[in-house]
Amino acid sequence: MKAAHDPCDHQHNHRQKSEHEQPEEQIPMSPGEKICITAQGSDLNSPIDPRFGRAQYFLVFDPKDMKIEAVRNPKTEAAQNVGIESAQWLASKGVKILLTGHVGSKASQILHSAGIQIITGISGTSKDVYNDFVNQVCDVS
């Protein structure tokens, strides 16, 4: 992934690209955009939950204040519309980028219409995925 511009407003060391890297593509991102990662637990060491709509937790990273909000997904046991309702919730939180394993077609439509960029095929721990993503987006070399 390559950024169109550098969203970083802080100094950090860029690491080597890792196994979490997606194919080269433009990632338009503005400073301060919220990022959501689907996780199997509420902490940064939790593995990625590959299912968007039925993810156990949504980890919402807010780079403006460097806070992480871990929200248990109340829709994990619902019979239907879990992806749609999860997508609507992300939009209401102001999320602009979603990192997950897979998103269904109906949820994908909602996310796209809300202006949320979807990056699928993600695996590893939430911390590693977040750090790798930010380093790739901020890498302007």
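All of the numbers you see were taken from the coordinates with simple rules; none came from a lab. It should be emphasised that the depicted structure is a prediction, and the values quoted were computed from it without experimental measurement.
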Across the range 42-85, the tally of residues that are in a loop (DSSP other than H, G, I, E, B), basic (Lys, Arg) and farther than 17 Å from VAL103 by Cα stands at 1
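Counting just the residues of the range 86-115 that are part of a loop (DSSP other than H, G, I, E, B) and more than 14 Å from the chain's Cα centre (by Cα), which one comes out nearest to CYS36 (Cα to Cα)? Before the answer, list the steps.
So the first thing to find is which residues in the range 86-115 are part of a loop (DSSP other than H, G, I, E, B), and the list is 93-94, 100-101, 103-104, 114-115.
Then keep just the ones that are more than 14 Å from the chain's Cα centre (by Cα); that gives 104, 114.
On the way: GLY104: 16, ALA114: 14 Å.
Residue satisfying both the conditions and the ranking: ALA114.
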- Return yes or no: is GLY124 more than 17 Å from SER42 (Cα to Cα) and small (Gly, Ala, Ser)? no
